[in-house]
Amino acid sequence: MKNIAVLLLAGLFFTACTAPQEAPQTDTQPVFSAEGKTAGIFTTADSTDLRLAPTGNPAFKPTGQPVESEVSVFVNPARTFQTFIGIGGAITDASAEVFAKLPADKQQEFLKACYDKETGVGYTLARTNIHSCDFSSGSYTYVSDEDPELKTFSIDHDKAFRIPMIKKAIEAAGGSLLLFASPWSPPAFMKDNKDMLHGGKLLPEFRNSWATYFTRFVKAYEAEGIPVWGITVQNEPMATQRWESCIFTAEDERDFLKGFLGPIMEKEGLGDKKIVVWDHNRDLINYRANVIFNDPEAAKYAWGIGFHWYETWAGGQPMFGNVAQVHESYPDKNILFTEGCAESFNPDHYQYWPNAERYGRSMINDFNDGTSGWTDWNILLDQTGGPNHVGNFCFAPVHANTETGELIYTPAYYYIGHFSRFIRPGAKRVDTVPSRSHLLATSFLNTDGTMVTVVMNQSDQPIAYHLYVGDQATDITIMAHAIQTVVY
């Protein structure tokens with residue numbers, strides 16, 4: 001335990017944001033008890049070969065007041081919070097094009113690695129793009145130029161790569177996958193800059209046409225046998241990018257949602273589809289939530305709000321507390337992490353551990369702050385960090401070398417798997433807090449009665465801790481720069 005004092009004095013570690021403890025959800029099931037239970041521990045650790053590896057089966061036993069000088073993680077099964085909907089990655093044009101270049105055996109390996117909950121990481125959630133985005137080989141739409149009536153609407157482009165991959169992903173996931181779709185820009189003729197790229201705004205006279213475009217997309221995909229769970233209104237609506245982008249102020253999005261998108265989705269028989277607003281970074285999420293959710297006519301169409309993590313792009317710190325504030329202010333609205341990746345691709349950094357720790361730190365804090373689901377960016381990219389038609393290359397948890405057929409699993413893949421394999425849709429988050437800031441932790445109670453606690457150690461030293469679950473506890477050690485899932 002001497003190492004603990006050194007760590008505390010060094011002050012080298014991030015402090016997890018503490019979520020506002022809203023009133024617990026009422027459950028009819030009895031309070032979970034760890035009495036007589038044995039835990040299964042799975043570990044991924046830096047500078048070792050451990051990757052989601054079984055590393056112990058300690059037993060719980062009755063215990064009392066913890067000692068102040070020791071490290072503990074406290075799980076309170078009497079308090080449960082939001083319902084978990086899933087974790088997954090985006091099936092973009094880039095991902096699908098790379099997947100299509102793999103030999104058949106490697107395609108099957110990849111699908112099992114991502115969607116099999118026994119041998120892979122068990123993804124249950126997916127995002128895709130509505131026509132082109134930066135991670136497409138070129139810009140395209142589903143209509144010919146200057147067709148506001150959408151008479152030429154066709155998703156034939158997607159039938160080459162993206163639709164076949166999504167179908168295979170659904171099959172690999174057991175026949176069900178929550179899929180939501182996001183647009184990066186309306187067609188150029190609908191915008192004031194006459195360009196799908198470089199920002200610009202939707203012209204008012206095309207709001208009806210653009211809202212109808214969403215419904216055509218949903219119906220076309222469902223006609224292909226791909227259920228669409230929901231949509232986001234606009235990817236990164238406050239960013240003028242050199243790729244597909246479009247500016248919607250909070251007021252623009254509010255008015256488009258309540259005057260056009262929401263009513264037209266309902267008119268077209270799609271009122272059950274979930275509509276997610278914002279879909280941008282944590283830094284401005286509160287203003288967007290206030291403007292839209294404080295308007296009853298707009299709020300009634302919004303299932304919830306989505307966010308990314310790129311407020312850190314200029315060296316800033318993650319604004320975890322902003323998400324918690326939205327959850328506290330609008331507890332009837334859902335929160336969904338819709339995109340994140342490690343930027344600035346470098347093939348020498350496939351095994352760069354801080355990229356993985358960024359995932360773990362974000363996921364634990366985001367879930368503790370009320371997030372219901374978590375979606376990674378591209379589920380698969382090639383050895384260049386693409387393809388990408390504007391050179392905006394980045395990392396994915398899994399890369400494929402399309403020249404050799406090799407699949408490269410980065411540490412981020414395993415860090416995500418510590419959540420996605422063990423926490424299943426329908427689980428309830430359970431009150432969990434560490435006694436020392438260099439450990440991060442979150443817990444979920446699955447519908448089958450299993451409890452899952454994920455613990456992350458960002459420090460340079462192994463840490464022994466007590467896992468308290470009500471009046472029961474067990475002793476565990478987590479290695480340096482490691483993540484553990486404890487299942488009991």
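The values are calculated or read from the model by the stated rules, or taken from the named source; none is laboratory data. Computed from a predicted structure; not experimentally measured. Glycine also receives a Cβ, built like all others from the backbone with ideal geometry; neighbour counts cover every protein chain displayed.
Details
- For the range 197-231, the set of residues classified as among the aromatic types (Phe, Trp, Tyr) and more than 25 Å from the chain's Cα centre (by Cα) consists of Phe206, Trp210, Tyr213, listed by residue number.
- With respect to the stated conditions, Trp377 fails to be surrounded by fewer than 21 Cβ atoms within 10 Å (Cβ to Cβ), at pLDDT 95 or above, farther than 20 Å from Ile292 by Cα and assigned by TED's automatic domain parsing to the domain that holds Leu284.
- Odd one out for Thr375 among (1) out of contact with any helix residue (DSSP H, G or I) (no Cβ under 9 Å at 6 or more places or on another chain); (2) farther than 25 Å from Lys101 by Cα; (3) among the hydroxyl-bearing types (Ser, Thr, Tyr): (2)
- Qualifying residue in the range 103-115 (condition: within 22 Å of Ala441 (Cα to Cα) and either surrounded by 18 or more Cβ atoms within 10 Å (Cβ to Cβ) or under 15 Å from the mean Cα position of the chain (by Cα) (or both)): no
- Output for the range 311-324, where each listed residue is surrounded by fewer than 19 Cβ atoms within 10 Å (Cβ to Cβ) and under 21 Å from the mean Cα position of the chain (by Cα): Glu311, Thr312, Trp313, Gly316, Gln317, Gly321
- Any hit, the range 330-342, residues being among the acidic types (Asp, Glu), assigned by TED's automatic domain parsing to the domain that holds Lys273, touching a Ser or Thr at 6+ places or on another chain (Cβ under 8 Å) and more than 24 Å from Phe256 (Cβ to Cβ): no
- Residue-level check: of (1) without any contact (Cβ under 8 Å) to a residue 40 or more places away in the chain; (2) under 25 Å from Thr384 (Cβ atoms), Asn57 misses just (2).
- Failed condition for Asp475, given (1) over 20 Å from Phe84 (Cβ atoms); (2) in a loop (DSSP other than H, G, I, E, B): (2)
- Matching option when the condition is free of Cβ contacts under 8 Å to residues at least 60 places away in the same chain, under 19 Å from Phe153 (Cβ atoms), out of contact with any Gly (no Cβ under 6 Å at 6 or more places or on another chain) and surrounded by fewer than 16 Cβ atoms within 10 Å (Cβ to Cβ), among Gly269, Gly259: Gly269
- Among residues of the range 184-195 being part of a loop (DSSP other than H, G, I, E, B) and touching a helix residue (DSSP H, G or I) at 6+ places or on another chain (Cβ under 7 Å), the one that is farthest from His308 (Cα to Cα) is Lys194.
- For the range 153-183, a tally of residues being touching a strand residue (DSSP E or B) at 6+ places or on another chain (Cβ under 9 Å), assigned to a helix (DSSP H, G or I) and either over 25 Å from Leu197 (Cβ atoms) or not acidic (Asp, Glu) (or both) returns 4.
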